[in-house]
Amino acid sequence: MAMLEVKDIHTYYDNIHALKGVSLEVNEGEIVTLIGANGAGKTTTLRTISGLIRPTAGQVKLNGEDLADYETHELVYKGISMVPEGRGVFAQLTVEENLEMGAYSRNDNRVRDDIENIYTLFPRLQERRRQVAGTLSGGEQQMLATGRAMMARPKLLLLDEPSMGLAPILVEGIFDTIQNINKEGTTVLLVEQNALMALSIADRGYVLQTGEIVLSDTAKKLSNNKMVQKAYLGVD
Amino acid sequence: MSEARNNTAPSSVWKSVLRFGLVGGAIALYFCMVGMVAAFDQRFLVAGQLTLGDLVLYVGPFLAGLSTARALADRTAWQRLLFGLLAGAVAALPSILIMLFSQQVNIGAVFVSLSSPLINILTFGRGLPDGLPLLVGVFGLLGLLGAAYTFLSQQARNAVNLALLVIVTVALFSDIPIRVIEKYFSARVARAIFQGNALLPLSAVVLSLLTVGLSYFGSLRAAKKKVGESKKPERLILGRYPINQVLSWALVIAFLLVLPQTDRVLAHVMMFIGLYVMMGLGLNIEVGFAGLLDLGYVAIFAFGAYTIGILTTQAAIGTFGLSFWVALPIAVIVGVVFGALLGIPVLRMRGDYLAIVTLGFGEIIRLLALSDWLSPLVGGAQGIVRIPSPSIAGFDINSPERYYYLVLIGVALTAFLAVRLRDSRLGRQWMAMREDEDVAQSMGIDLVQTKLLAFAIGSASAGFAGAIFAARLGGIFPHSFSLIISITVLSAIIIGGFGSIPGVIVGAAVLVGLPELLREFNEYRFLIYGILLVVMMLTRPAGLLPTDTFKRELESLEEGDEGMNNPVSAGG
């Protein structure tokens, strides 16, 4: 059974039919990527999974349990953590305080150790631990948002466009870390516009076009697919 | 004229002189025409030397000289001084023109303030047209001073500003120091420093020298601290409290306890400030901590007051006749419950929408209190009268001073609560919600619960304040609970700095205390209010005492710049 199962969801923004029956599956231990152009519905899919928007039809299931009964804030306790688009760090708090906020849902005494783990994952954050998050660079904010999401010890990490607005060299670093996080045992659902990078680290991928899944395959096959190459990888 | 210095073109120099001069002149003329100059002509700040009217009149030409000298920063010092002087002189033109015009045409009916006393002031008692050159000369001199001001270092400027501020403040509020000195020293000492309400010239000089000295000394120490970062370990009391802090707190507390004893009016004003501080601290929880813009806060104040009214009144309307001390906790609880109830319908609203809906709530509550429908319970337009004053064991709380101490206890409680809440887990929840509701939710924060707690806890102090208000006045009427209270409380928070607890206290003191104490300004209250707000928003947009997080943000912006110099590792 898949860890996360999205079954034929339809989501509306008022009259706009944003998702027209999206289905996807994420198995435990995988990195699955959802690629597509601007406005295809990638972020909407993530927001629907995390309960920020409710689908008008269809189901989102985690380990077989329907998530419709849960509020967004309860999903953290079920093991889902999200890194929102545009990162959303708490600008007025320091790096370390942001990480502490990430552990809000937890009630154990291993938080300190986990903060140190995040610092090994992102040494840059340790250097800036006392700095206010609003003054970090875009790349550092992305690291912080990812680290903060990891502080909840999620089983499933939802990442929304981690490469957005970052220099290519930083994107590579972020994607390396995502791979590391995955190796440590966290399942990842990665929404990306940067299809090339996303497919290079993912196990499987889905291609979303105007609210519908048009292709799904292993990442390797997708990167060799003519249509994907033409539309998203810039290969003629 | 050195071409090599790439000076501003001569024509633009004259343009600056003319422009700033005329703006300064317009300011001076404006203050004349609204009547401030003439009205304050008898209010001496420094006995025999400087009246408040003079001060108001001199602002325009001084600013003209200052701005001109600033605009011509690339010119030589002498040129800047000269053009400053000219701009000051130009500032006299508008007033002169209108005075001459008034000699030809009778415009007194339109410009009521353009009377012979004003002309007398502007011509220094010499009459038209003999006094006019003198006016030009004095204004020119002020322009020169304004230009000279731009040569001062930042330190010196701070010192001068502070000295001026201290003298004006002491002279304006001279009642308070005079009373204190008379009460604790002797009338003779007071007479040696003040004459009437004004400072004697000698004491003004001593006071300003003292301020300049202290300010200079202070900046020296600050500079030393900055250079040698390794500061000496502070001496501590009881192992953890820095001695300096303990002393300054003790001073503040002694001040707060003793001051109202000197004067009834002062005690009354301070009590009122206290009520607004309590409300400000409560609303600050909603607005400052949790980011919920609530414009209907006065409703909770009304709930508190009416609860006391209904439960304790001895008029025919009341059937309960409880004592104040029993009714007080009930009033607080009523405030909390209704705060949360009013919060429920607005859970899904943010920002402006929330503000508008809560604004409506505030009005609904006031109109309900005014309505015939509820008048059997709350008295309608007649309100509730004969609310007894509280007493403890035969000790009646019935004078302004005693109410003040009651309020002080309330303020201390609320402030303590606010500080502890800010640093608590709940405080962090509020902060996260304020910054980003979606992210806060993804962290596992229950928005519904967090919002309702903010409304409920924030309302407690308004209930408390309303209770004291009702007992103090002995009667409550619907028209006491108008929108202006919500606005004043919110303004106090904004002026003090969003989310800042000391800021709320200062903000309430400025907004509520100043208008009460500056009765002389009565007619010009809102004019001054407006000017102050505009100046403050330009010079201190974060508020008078912004929070640490805000300061920290600004500081680390500076520090961050160093770190950002390494773009490859730091990124875009």
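The values are calculated or read from the model by the stated rules, or taken from the named source; none is laboratory data. Just so it is clear, the structure is predicted and the values come from calculations on it, not from any experiment. Cβ: placed from backbone, ideal geometry, glycine included. Neighbour counts: every protein chain shown.
Can you tell which of B:R188, B:R179 is crowded, with 17+ Cβ neighbours inside 10 Å, of a type in the set (D, E, K, R) and more than 18 Å from B:L45 (Cβ to Cβ)? Even if it seems obvious, please write down each step before you answer.
Working: B:R188 fails: crowded, with 17+ Cβ neighbours inside 10 Å.
Answer to the selection: B:R179.
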Task: Hits in the stretch B:375-420 - residues which are among the charged types (D, E, K, R), in contact (Cβ under 8 Å) with a residue 60 or more places away in the chain and not in a helix (DSSP H, G or I) - done: B:R386
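Conditions (1) at positive phi; (2) of a type in the set (G, A, S); (3) outside the structural domain of A:E192 (by TED's automatic domain parsing), marked per residue:
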| residue | (1), (2), (3) |
| --- | --- |
| A:K20 | no, no, no |
| A:S23 | no, yes, no |
| A:E28 | no, no, no |
| A:G39 | yes, yes, no |
| A:I53 | no, no, no |
| A:Y70 | no, no, no |
Task: Of residues in the stretch A:73-83 being touching a residue at least 60 places away in the same chain (Cβ under 8 Å) and more than 8 Å from every other protein chain (Cβ to nearest Cβ), the one nearest to A:L136 (Cα to Cα) - done: A:V83
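Looking only at the stretch A:131-149, decide whether some residue is closer than 19 Å to A:L4 by Cβ, modelled with pLDDT of 90 or more and within 12 Å of chain B (Cβ to nearest Cβ). Don't jump to the end; show me each part of the working.
The initial filter retains those residues of the stretch A:131-149 that are closer than 19 Å to A:L4 by Cβ, namely A:146, A:149.
Those still in the list that are modelled with pLDDT of 90 or more too: A:146, A:149.
After this cut, where a residue has to be within 12 Å of chain B (Cβ to nearest Cβ) as well, the list is A:149.
Yes: one or more hits.
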Task: Boolean, B:F324 is touching a residue at least 40 places away in the same chain (Cβ under 8 Å) and not acidic (D, E) - done: yes
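Listed residues A:L62, A:L67; which is farther than 27 Å from B:M431 by Cβ, under 17 Å from the mean Cα position of the chain (by Cα) and surrounded by 16 or more Cβ atoms within 10 Å (Cβ to Cβ)? Show your work before the answer.
Values: A:L67 fails: under 17 Å from the mean Cα position of the chain (by Cα).
Residue meeting the stated conditions: A:L62.
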Task: Those residues of the stretch A:125-160 which are surrounded by fewer than 20 Cβ atoms within 10 Å (Cβ to Cβ) and of a type in the set (K, R), in sequence order - done: A:R129, A:R130, A:R153, A:K155
TODO: Give me the pairs, please: first residue somewhere in the stretch B:76-104 and outside the structural domain of B:S116 (by TED's automatic domain parsing) and over 11 Å from B:G24 (Cα atoms), second residue anywhere and surrounded by fewer than 19 Cβ atoms within 10 Å (Cβ to Cβ) and among the aromatic types (F, W, Y), beta-carbon distance under 6 Å, and either six or more positions apart or on two chains.
DONE: none
TODO: Could you tell me whether the stretch B:477-498 includes any residue that is surrounded by fewer than 24 Cβ atoms within 10 Å (Cβ to Cβ), in contact with a His (Cβ under 9 Å, 6 or more places away or on another chain) and either more than 14 Å from chain A (Cβ to nearest Cβ) or in a helix (DSSP H, G or I) (or both)?
DONE: no
TODO: Starting from residues that are in contact (Cβ under 8 Å) with a residue 12 or more places away in the chain and among the charged types (D, E, K, R), keep the ones in the stretch B:355-373 and report whichever is nearest to B:I384 (Cα to Cα).
DONE: B:R366
TODO: Just need a number here: residues in the stretch A:84-106 that are more than 7 Å from every other protein chain (Cβ to nearest Cβ) and not in a loop (DSSP other than H, G, I, E, B).
DONE: 7
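Those residues that are more than 21 Å from B:L511 (Cα to Cα) and in contact with a Lys or Arg (Cβ under 7 Å, 6 or more places away or on another chain), I need them from the stretch B:253-274; list them, please. Let's see the steps before the verdict.
Applying the first criterion (more than 21 Å from B:L511 (Cα to Cα)) to the stretch B:253-274 yields B:253-254, B:257-258, B:261-262.
Matches in the stretch B:253-274: B:T262 only.
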- [ ] Name the helices (runs of 4 or more DSSP H) wholly inside the stretch B:124-212 in which the number of residues that are within 30 Å of B:Q103 (Cβ to Cβ) is 2 or more.
- [x] B:132-149
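Kindly provide the set of residues from the stretch B:326-360 that are among the charged types (D, E, K, R) and not in a helix (DSSP H, G or I), ordered by number.
Listed by number, the residues that qualify are B:R348, B:R350.
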Task: Residue match in the stretch B:32-39 (condition: modelled with pLDDT under 85 and surrounded by fewer than 19 Cβ atoms within 10 Å (Cβ to Cβ)) - done: no
Task: Some residue of the stretch B:343-354 being modelled with pLDDT of 90 or more and closer than 17 Å to B:G304 by Cβ - done: yes
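Could you tell me how many of the residues in the stretch B:505-544 are farther than 21 Å from B:L408 by Cα and more than 14 Å from chain A (Cβ to nearest Cβ)? Full working, then the answer.
Of all residues in the stretch B:505-544, those farther than 21 Å from B:L408 by Cα come to B:518-544.
Still in the running and more than 14 Å from chain A (Cβ to nearest Cβ): B:518-541, B:543-544.
Summing the residues that are farther than 21 Å from B:L408 by Cα and more than 14 Å from chain A (Cβ to nearest Cβ) in the stretch B:505-544 gives 26.
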Task: Of residues in the stretch A:33-72 being assigned to a loop (DSSP other than H, G, I, E, B), within 19 Å of A:L208 (Cβ to Cβ) and among the polar types (S, T, N, Q), the one farthest from the other protein chains (Cβ to nearest Cβ) - done: A:N38
Task: Given (1) within 14 Å of chain B (Cβ to nearest Cβ); (2) out of contact with any helix residue (DSSP H, G or I) (no Cβ under 7 Å at 6 or more places or on another chain); (3) under 17 Å from A:I49 (Cβ atoms), index of the condition A:E127 fails - done: (3)
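Filter the stretch A:196-228 down to the residues that are crowded, with 23+ Cβ neighbours inside 10 Å and either small (G, A, S) or more than 20 Å from A:M164 (Cβ to Cβ) (or both) and list them by number.
Keep residues of the stretch A:196-228 that are crowded, with 23+ Cβ neighbours inside 10 Å, which gives A:198-199, A:202, A:205-208, A:222.
Correct list: A:A198, A:A202, A:G205, A:L222.
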Open item on the list: If I ask for residues that are crowded, with 24+ Cβ neighbours inside 10 Å, within 14 Å of chain A (Cβ to nearest Cβ), out of contact with any Leu (no Cβ under 7 Å at 6 or more places or on another chain) and in a helix (DSSP H, G or I), which ones from the stretch B:441-470 would you list?
Closed with: B:S442
Task: Residue that is surrounded by the fewest Cβ atoms within 10 Å (Cβ to Cβ) [pool: residues in the stretch B:511-533 that are modelled with pLDDT under 85 and β-branched (V, I, T)] - done: B:I531
